[in-house]
Amino acid sequence: MASKLKVIPLGGLNEIGKNLTVYEYGEDIIVVDCGLGFPDEDMYGVDIVIPDFSYLVQNKNRIRAIILTHGHEDHIGGLPFLMREINAPLYTTRLTAGLIKIKLEEHGLVEKTEIITLEAGQHFKAGCFGIELIHINHSIADSVSLAIKTPIGTVIHTGDFKIDVTPIEGGMIDLTRFGEIGKEGVLLLCSDSTNVEKPGYSESESKVGPHFERLIKGSDKRIIVTTFASNVHRLQQIINCAAKNNRKVAITGRSMENIMKVSMELGYMDVPKDTLIDINQISSIPKNKLVIITTGSQGENMSALYRMAFSGHRQVEIDAGDRVIISASAIPGNETTISRVINELFMKGAEVIYDRLEELHVSGHACREELKMMIALTKPRFFMPLHGEQRHLRTHAELAKCMGIAPKDIAISDIGRIVDITRKEIKLGGTVASGKVLVDGTGVGDVGSVVLRDRRHLAQDGMVVVVMTLSAEDASLVSGPDIVTRGFVYVKESDSLMEELRRVTMETLDSCENQRITDWATIKAKVKANLSGYLYKQTKRSPMILPVIMEV
Ligand SMILES: [Zn+2]
Ligand SMILES: [Zn+2]
């Protein structure tokens, strides 16, 4: 008899991003979230990273539902890639569904996908699981936690959450419901670890509004604001403030335009009449009557703000008449790129206001006291920290211990690591296939480790091409060798180094001739080995070496 609940994280542990958690009981599987991650700095040319879905593809006939807690990329961005491989109904709230549809449309998958929209407070069944959506607060509207009823007890999967008792819209988190479920008994709590290192409580979203009011009202400059595209409530506050101060609002950046469109259509945003104008019309409005909201809060390459900073934006040129407000904090790893954009904006004469100077951003994730409150309300038998790097998971486990949960009742898993749960115990079990799949352009998994190694190699040490024309009869040198380098310069005595490379090549060819080696592949390998040895000795660098033989 299958009396074991399995929890299998396929992403989101020991990393930031690509959250995906599998719950499995007997023959039934449900999937919670399907996010993407962003590449590390040494993944040259890779656009996004998605979880390895092989476990789900192998078990696709057992998947009863995919449930999405909210519309952030780290929770829905991987979905189109999963939906190419499997067929299962999607359950989520209305705004999240709207955002998902845009993605599925781009991948031509919207027709074949069944999307069921629900509201917080509603339940549905998926195999042996019964799932209830619970209203919470986060930095995007319509976010939910899940109460998952399994045959051996209830799991609370918080998703990303914070406790905001004065939110902009949608009402405060349904704390009473968490308490009720806690009273009935919770087997397992899987909770958001992002801000476990931050003491106290997170600030309310409504705290940000007055700062905008002051920065917009008190300025005769053009205002350019960037924030996370998905922070609908933040956008609403900026727009309200602009309208109140008789300024028009223009939006630039594809993700921002998409989200605005969906949230206005679905009634998650209420834009005062005649406030929005097209970005192509901004030249007809005096600068001090304008607010431009743009993407690029993380300094993303090619985002609208990045293009403005580097003079590549078609409609917006930055100068001393601009006040640029960055209403976001850096996601770890993005500090350098943001800093470059800020410097460039200052260089163009703009006034830049960012989080080190003003309180222009509040986090969407619960801090320590809120995390404690979640544990206190749900009183779980077992605890599993999710959504964080190792340090966050460990710290969150310590927090749970402080609140009286025994160490043996806490499981810190890893991606691909099964957590086995019975009514009596929680323990780490075996593993399933998991990892990072790299997406480059539209190709999924085309970029393997070899391609990546080559790109890293080229980026670090450049390339040396040796072109030799050899006789087809006896492999003797007819002309060349010619040496071409790219991204590899040895400034000191560069000419003599080229000369030396030519010499090493000729010597190699001579020795091949002496040994009667006429096979092109062998000759290439020898040229490559000798050049690479020589180059390393002389320059301590290992450029990629490409021998090219032309046959006459
Ligand atoms: Zn989120
Ligand atoms: Zn998240």
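Enter the accessible area per residue of segment 456-543 (Å², integer; probe 1.4 Å; all protein chains in place).
About 59 Å² of surface per residue is accessible.
Quickly estimate the mean residue ellipticity at 222 nm for the chain, helices only: each DSSP H run with n ≥ 4 gives -39500 (n - 2.57), and the total goes over all residues, rounded to 500. Mind dumping the intermediate values first?
Numbers: 15 runs with 169 residues, N = 552.
Computed ellipticity for the chain at 222 nm equals -9500 deg cm²/dmol.
Full-extension gain between residue 60 and residue 125, please, as 0.36 nm times their residue separation minus the C-alpha to C-alpha distance.
Numbers: separation 65, 0.36 × 65 = 23.40 nm, distance 1.79 nm.
Residue separation times 0.36 nm, minus the Cα-Cα distance, leaves 21.6 nm.
For the pair residue 511/residue 280, report the inter-label distance in nm, with labels modelled 7 Å from Cα in the Cβ direction.
6.6
Which whole-number value in Å² is the accessible area per residue of segment 205-353, probe 1.4 Å? Mind showing how you got there, number by number?
Values: 6540 Å² over 149 residues.
Per residue, segment 205-353 has 44 Å² of solvent-accessible surface.
For segment 106-179, what is the accessible area per residue in Å², given a 1.4 Å probe and the full set of protein chains?
That works out to 38 Å² per residue.
What part of the accessible area of the chain, given as a whole %, is carbon or sulfur when the probe is 1.4 angstrom?
Working: 12110 of 24390 Å².
The nonpolar share, carbon plus sulfur, comes to 50 percent.
Enumerate the amide H contacts of residue 231 below 5 Å, restricted to partners 5 or more residues apart or on another chain; note that Pro and chain-start residues carry no placed amide H.
none
What are the aspartates and glutamates whose alpha-carbon lies under 18 Å from the alpha-carbon of residue 4, with same-chain residues fewer than 8 places away excluded?
24, 27, 28, 409, 420, 425
About its Cα centre, what dipole magnitude does segment 278-365 give when the only charges are +1 on Lys and Arg Cβ and -1 on Asp and Glu Cβ, stated in debye to the nearest 20? Walk me through the intermediate numbers first.
Working: 8 positive and 11 negative charges, 43 e Å.
Taking the Cα centre of segment 278-365 as origin, the dipole is about 200 debye.
The values are calculated or read from the model by the stated rules, or taken from the named source; none is laboratory data. Model, not experiment: these values are computed from the prediction. Note that we place each Cβ from the backbone using ideal geometry, even for glycine, and neighbour counts take in every protein chain shown. Accessible surface is based on the protein model in full, side chains and every heavy atom, while ligands, DNA and RNA are left aside. Shrake-Rupley method; radii C 1.70, N 1.55, O 1.52, S 1.80 Å.
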